[in-house]
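Take a look at the structure below.
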Amino acid sequence: MADKPEFGTIKSACAEIGGNRPVHPATYYRGVREGRYPAPVHPSPGISRVNMPKLREAIKRIIDE
């Protein structure tokens, strides 16, 4: 059986992107609109979660470019 995806909060996604200096959530959402980062999922109203493995792949792709 496949492993379940690891989901994180918007705050943890911002920390993943920025490292020691986390980016602002608006920067993350701008990146989503521009297609750089994966869009968050909403498991229930008012809750946003980011698929962290997909985010890490996106960050690696950006670094490799």
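Placing dummy labels 7 Å off each Cα toward the beta-carbon, the span from GLU6 to ALA39 is 2.5 nm.
The GluC sites (Glu not before Pro) of the stretch 1-49 that DSSP puts in a loop, and whose beta carbon has at most 10 other beta carbons within 10 Å, are GLU34. The charge dipole of the chain, taken about its Cα centre with unit charges on the Cβ atoms of Lys, Arg (+1), Asp and Glu (-1) only, comes to about 160 debye. Listed options for log10 I(q)/I(0) by the Debye sum over Cα atoms at q = 0.15, 0.17, 0.26, 0.28 Å⁻¹ are (i) -0.46, -0.58, -1.11, -1.19; (ii) -0.45, -0.57, -1.22, -1.36; (iii) -0.37, -0.48, -1.18, -1.39. The value calculated from this structure is the one marked (ii).
If you take all other residues with their beta carbon under 14 Å from the beta carbon of PRO40, and give Lys and Arg +1 and Asp and Glu -1, the sum is +4.
Tell me, in nm to one decimal, what length is gained between HIS24 and ILE47 on full extension, where the rule is 0.36 nm per residue of separation less the Cα-Cα distance?
Details: separation 23, 0.36 × 23 = 8.28 nm, distance 1.77 nm.
The HIS24-ILE47 span can extend by a further 6.5 nm.
All of the numbers you see were taken from the coordinates with simple rules; none came from a lab. These numbers come from a predicted model, not from an experiment. Don't worry about glycine lacking a Cβ; one is built from the backbone with ideal geometry, like all the others, and counts go over all protein chains shown.
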